[in-house]
Amino acid sequence: MLSLRHCQGLTRVSLLRTHRQAAVSPLLVCGRSQCTRWSSGDGSGGHHDSGPRYRPHSPGWSHVIAGLLAGTGAVLVYRLHRSQVEQAATNIHPIREAHSFPIYTQEEVTKHRTLADGVWVTYKGGVYDITDFVAMHPGGNKIMLAAGGALEPFWALYAVHGQDHVLEILSEYKVGELSPEDCKQQEASLSDPYSSDPPRHPALRVNSQKPFNAEPPPELLSDSFITPSAIFFKRNHLPVPKVDPETYQLEIEGLPGGPVSLSLAELKSRFPKHTVTATLQCAGNRRSEMNQVKQVKGLNWGIGAISNATWSGARLRDVLIAAGYTPGTVAQHVQFEGLDRDVTGTTYGASIPLRKAVSEDGDVLLAYEMNGEELPADHGFPVRVVVPGTVGARNVKWLGKIALSQEESSSHWQQNDYKGFSPCTDWDTVDFKSAPAIQELPVQSAITQPAEGSAVDRSAGELTVKGYAWSGGGREVVRVDVSLDGGRTWQVAQLQGGDKQEGPAEAPPLGRAWAWKLWELTAPLPEGAQELEIMCKAVDNSYNMQPDSVAPIWNLRGVLSNAWHRVTVRVEEEEEEEEEEKY
């Protein structure tokens, strides 16, 4: 599946090519222990062949090719060290074109769609022969989707492809120019798949534009128990689909009575409306702290890939029962499929255990409202799944299909992502089938105020520290400990389980603590301290506690980052006092 969206380190990957003929006039570009070879070759296979060819120095480089056309980045992710990627990107230099190219029509390009006839693609008016590239690539079946056509729809999904070094290496595949007439037609037909994405709040801190992923500033997170929809963290894997609520249909499959289809109006009218306050957290929340230990693959989330909202809609349990579900079914999983899709037509998908989906206490919703209003486009309009206590990746947005199955979803995001591994596992040894898909998340807490590197005034005499805490699986956070002196001494923070103006919140039912706790501590400044290392750690009602450091829980995808959160601040003297000392 298209996993390149998760791998920021891959932005430096270059297209590599081998040639089956003897190399002429090789040009070696070497750096450290790696050596990259450029060579020119003769045409073969009954099609035009112009320009230099690239021959990798080692067979291991074949794994670098993955993901650059149809985004099949998973193959390359398994085999690639970040150092190799950066070395290839920084050491390869373009070879200037020394002659003109023949002109081809789109009709001629379209004839080259198989390995036998040669595989050609176009990009911005150029024609490129990628036959050898496809032949050496284990994921070539998806790459063939671009055969005989334009790269733009594929590359537009992942903006990393537009970087100069990728385009320079692509130029070595060039065999011709597309006719001016076909160029005009192509430009008119190609569009940015993200052009219809909704506007976003300017306060959000953007981690990627296409697809859009952003988090609220930490100081805003603890301002309100309910996160406003506009600044609720945004986690998109693909372009936001435009869905007509009038024609929307939710398909349900895998039940004894056969498929069932529900309109949005039916979902609202036939089933009781339930409201649940639940926190959603991305598996990659706080990934930036793992990057400080060792670089990982994924968006560089801070502490803001978590938010809390009220969700309203029909209970999934009620809908499944009405559609024919009865206890004792052989199904073990409920699969969800979104309406967001890539250029290959592949949709986002995930699954949860059936027992969670049909549990009376599971509170799984087919939500059509968020914070009392219809779902915003970024959050799954018109219908999304809300699976309280479960990692955000299973809360599928723009829900199009539900299927009961004996198997988990076959989606890339269920099978080859969002899984945790040992710190000793790297991309050469990882086996995604060996680890279970993340469902419930571990206990978590973070400091939202004061900010890292900020200053506090000693004359104030005290300091207020704020933050959030949450645990997956409906486990309630019962305590947050805070230290102002690097962990030598600790104090217990005050927990807030609802809006302050509404008074103390009732304790949630056992096993159904779906919402976070905001917390606050006001304490005297340690005497004589010029710098404070503030720490927090949460404890849930199963007495699960956060680990004290990141290194032992580091993993190659940077997920499940829940070590004690640390913030360092300076203690400064009041300016007036400093002025008096001068005189």
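The values are calculated or read from the model by the stated rules, or taken from the named source; none is laboratory data. Because the structure is a prediction, the values reported are computed rather than measured. Reconstructed Cβ throughout: ideal geometry from the backbone, glycine too, with neighbour counts over all protein chains shown. Note: areas computed on protein heavy atoms with side chains; ligands, DNA, RNA excluded. Shrake-Rupley method; radii C 1.70, N 1.55, O 1.52, S 1.80 Å.
Quick grid of which residues meet (1) under 30 Å from VAL364 (Cβ atoms); (2) surrounded by fewer than 21 Cβ atoms within 10 Å (Cβ to Cβ):
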{"position": "GLN444", "(1), (2)": "yes, no"}
{"position": "ARG475", "(1), (2)": "yes, no"}
{"position": "ARG479", "(1), (2)": "yes, yes"}
{"position": "ALA515", "(1), (2)": "yes, no"}
{"position": "LEU518", "(1), (2)": "yes, no"}
{"position": "ALA529", "(1), (2)": "no, yes"}
Worksheet item: Which of the residues belonging to the stretch 265-303 are in contact with a strand residue (DSSP E or B) (Cβ under 7 Å, 6 or more places away or on another chain), buried (at least 18 other Cβ atoms within 10 Å of the Cβ) and more than 29 Å from PRO509 (Cα to Cα)?
Response: LEU299, TRP301, GLY302
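Looking only at residues that are assigned to a loop (DSSP other than H, G, I, E, B) and free of Cβ contacts under 8 Å to residues at least 40 places away in the same chain in the stretch 201-239, which one is farthest from the chain's Cα centre (by Cα)?
Per the criteria, the residue is ASP223.
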Worksheet item: Looking at (1) in a strand (DSSP E or B); (2) open to solvent by less than 50 Å² (accessible area, probe 1.4 Å), which is the only condition LYS419 fails?
Response: (1)
Item to complete: State whether the residues of the stretch 379-397 include one that is open to solvent by 10 Å² or more (accessible area, probe 1.4 Å), touching a Pro at 6+ places or on another chain (Cβ under 6 Å), in contact (Cβ under 8 Å) with a residue 40 or more places away in the chain and of a type outside the set (Ser, Thr, Tyr).
Response: no
Worksheet item: If we scan the stretch 410-421, do we find a residue that is small (Gly, Ala, Ser) and more than 19 Å from the chain's Cα centre (by Cα)?
Response: no
Worksheet item: Checking LYS433 against (1) more than 22 Å from LEU299 (Cβ to Cβ); (2) in a strand (DSSP E or B), which single condition isn't satisfied?
Response: (2)
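Condition check ((1) β-branched (Val, Ile, Thr); (2) at pLDDT below 85; (3) open to solvent by less than 40 Å² (accessible area, probe 1.4 Å); (4) under 28 Å from the mean Cα position of the chain (by Cα)) across all residues:
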residue	(1), (2), (3), (4)
HIS112	no, no, yes, no
GLY148	no, no, yes, no
LEU157	no, yes, yes, yes
ILE169	yes, yes, yes, yes
SER189	no, yes, no, no
PRO199	no, no, no, yes
Fill in: Filtered residue count, the stretch 304-330, keeping only those that are open to solvent by less than 10 Å² (accessible area, probe 1.4 Å), more than 18 Å from the chain's Cα centre (by Cα) and under 23 Å from ILE438 (Cβ atoms)
4
Worksheet entry | Yes/no for PRO216 being in contact with a helix residue (DSSP H, G or I) (Cβ under 6 Å, 6 or more places away or on another chain) and modelled with pLDDT of 95 or more | yes
Response to the item:
Taking the stretch 431-461 and keeping only residues that are touching a Gly at 6+ places or on another chain (Cβ under 7 Å) and of a type in the set (D, E, K, R), one is left with GLU440
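Output the residue which, of all residues in the stretch 279-301 that are outside any loop (DSSP other than H, G, I, E, B) and among the aliphatic types (A, V, I, L, M), is nearest to the chain's Cα centre (by Cα).
That would be LEU280.
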Worksheet, complete the sentence: Considering only strands (runs of 3 or more DSSP E) wholly within the stretch 463-561, the ones with at least 1 residues that are of a type in the set (Phe, Trp, Tyr) and within 30 Å of the chain's Cα centre (by Cα) are 517-524
Worksheet item: For the stretch 343-387, which residues satisfy the criterion of being aliphatic (A, V, I, L, M) and either part of a loop (DSSP other than H, G, I, E, B) or under 19 Å from the mean Cα position of the chain (by Cα) (or both)?
Response: VAL343, ALA350, ILE352, VAL364, LEU375, ALA377, VAL383, VAL385, VAL386, VAL387
Worksheet item: Before we move on, is PRO353 modelled with pLDDT of 95 or more and surrounded by fewer than 23 Cβ atoms within 10 Å (Cβ to Cβ)?
Response: yes
Item to complete: Evaluate the stretch 247-258: report whether one residue or more is outside the structural domain of LEU495 (by TED's automatic domain parsing), within 22 Å of SER312 (Cβ to Cβ), assigned to a loop (DSSP other than H, G, I, E, B) and within 25 Å of the chain's Cα centre (by Cα).
Response: no
